[in-house]
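Q: Below is a structure I'd like to ask you about.
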């Protein structure tokens, strides 16, 4: 059995932790509100997708605009795109990109010259 003193200590600790969790939740809500709200289901930040494909954020934005993928600007300054449509368009463009032998740069008519650090080519 647990003593009343120990029980009261544990109960006060639980109350402290609940208060801390509530304050963290309010901080998260204010942070997401200041940065344009939560990201809708099926959408992803373009910076995350650019890093995944090994290209720059600017080239990822160009790719999304040139292939017809809807780009939404958030209040915090970032961009979000529809995840699956961007991935499909990116794979299509990366498969069609050409690279000269020995060169670090790739070329596609929609994007121009770009450097790719990921391993998504010919996937």
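The values are calculated or read from the model by the stated rules, or taken from the named source; none is laboratory data. All values derive from a computational prediction rather than experimental measurement. Backbone-built Cβ (ideal geometry, glycine too); neighbour counts: all protein chains shown.
Q: Tell me yes or no: at least one residue of the range 107-115 is within 14 Å of residue 56 (Cα to Cα), in a loop (DSSP other than H, G, I, E, B) and modelled with pLDDT under 75.
A: Yes; the residues of the range 107-115 include at least one that is within 14 Å of residue 56 (Cα to Cα), in a loop (DSSP other than H, G, I, E, B) and modelled with pLDDT under 75.
Q: Tell me whether the range 66-81 contains one or more residues that are over 15 Å from residue 92 (Cα atoms), touching a residue at least 12 places away in the same chain (Cβ under 8 Å) and in a helix (DSSP H, G or I).
A: No, that holds for no residue.
Q: Continuing with the same structure: Within the range 87-99, is there a residue that is modelled with pLDDT of 85 or more and under 17 Å from residue 42 (Cβ atoms)?
A: yes
Q: Take residue 60 and tell me if it is within 14 Å of residue 114 (Cβ to Cβ), surrounded by 12 or more Cβ atoms within 10 Å (Cβ to Cβ) and touching a strand residue (DSSP E or B) at 6+ places or on another chain (Cβ under 9 Å).
A: Yes.
Q: For the range 41-56, which residues satisfy the criterion of being without any contact (Cβ under 8 Å) to a residue 12 or more places away in the chain and either surrounded by fewer than 16 Cβ atoms within 10 Å (Cβ to Cβ) or more than 14 Å from residue 88 (Cα to Cα) (or both)?
A: Within the range 41-56, 41, 48, 51 meet the criteria.
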